[in-house]
Amino acid sequence: MTKKEIVKSISDELGLTQLRTKEIVQKTFDAIVETLVEERRIELRNFGVFEVKMRAARKARNPRTGGQVEVPAKFVVTFKPGKEMEAKVRELEERELAASRPPEYRQDSPGQPRPPAHGGGSSGR
């Protein structure tokens, strides 16, 4: 999804013009960036935490030549999703996994046999 698509979606939902919505979205992004530059961390409740961290210098390999290259230390932005986002992504993952299973192995298929239990034998305990 692009910023333009986000703007259109929000403007349609709230009944604002796309121009006004674009200004609001851009100001939001600008505020996030400015906070990261000034404070190196921004916590957005029910969304996640953006944080500026220093990535250590390292040696890497140039894929074209195969030779080693020194990569200097640099600042990077990290993101840790909040609990709500994690839960929604987990739900997506579970739906995708369920959809990829054969019908006889889906738990959402009433009256269908369940897959065989793992292990199959006694554990000897």
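The values are calculated or read from the model by the stated rules, or taken from the named source; none is laboratory data. Since we're looking at a predicted model, the values are computed, not measured. Neighbour counts run over all protein chains shown; Cβ positions are idealised from the backbone, glycine included.
Residue by residue through the range 47-63, note down the ones that are under 30 Å from residue 85 (Cα atoms) and either touching a residue at least 60 places away in the same chain (Cβ under 8 Å) or outside any loop (DSSP other than H, G, I, E, B) (or both). Steps first, please.
Of the residues in the range 47-63, the ones under 30 Å from residue 85 (Cα atoms) are 47-56.
Selection gives 48, 49, 50, 51, 52, 53, 54, 55.
Could you say which residue among 28, 35 is at pLDDT 95 or above, under 22 Å from the mean Cα position of the chain (by Cα), loosely packed, with under 12 Cβ neighbours inside 10 Å and of a type in the set (Ser, Thr, Tyr)?
None of the others qualify; the one that does is 28.
Just to be sure before I move on: is residue 16 at negative phi and in a loop (DSSP other than H, G, I, E, B) in the structure I sent?
yes
Identify all residues within the range 59-91 that are over 30 Å from residue 48 (Cβ atoms) and either among the aliphatic types (A, V, I, L, M) or in contact with a strand residue (DSSP E or B) (Cβ under 9 Å, 6 or more places away or on another chain) (or both); write none if there are none. If you could, list the steps in order and put the result at the bottom.
Narrowing the range 59-91 to residues over 30 Å from residue 48 (Cβ atoms): 59, 61-70.
Passing the criteria: 59, 61, 62, 67, 68, 69, 70.
Give the residue, chosen from 94, 86, 70, that is closer than 30 Å to residue 37 by Cα, modelled with pLDDT of 90 or more and not in a strand (DSSP E or B).
86
Restricting the range 39-59 to residues that are at pLDDT 95 or above and exposed (fewer than 10 other Cβ atoms within 10 Å of the Cβ), which is nearest to residue 79 (Cα to Cα)?
Filtering the range 39-59 for residues that are at pLDDT 95 or above and exposed (fewer than 10 other Cβ atoms within 10 Å of the Cβ), the one nearest to residue 79 (Cα to Cα) comes out as 56.
State whether the residues of the range 57-74 include one that is under 21 Å from the mean Cα position of the chain (by Cα) and farther than 24 Å from residue 14 by Cβ.
Taking every residue of the range 57-74 in turn, none turns out to be under 21 Å from the mean Cα position of the chain (by Cα) and farther than 24 Å from residue 14 by Cβ.
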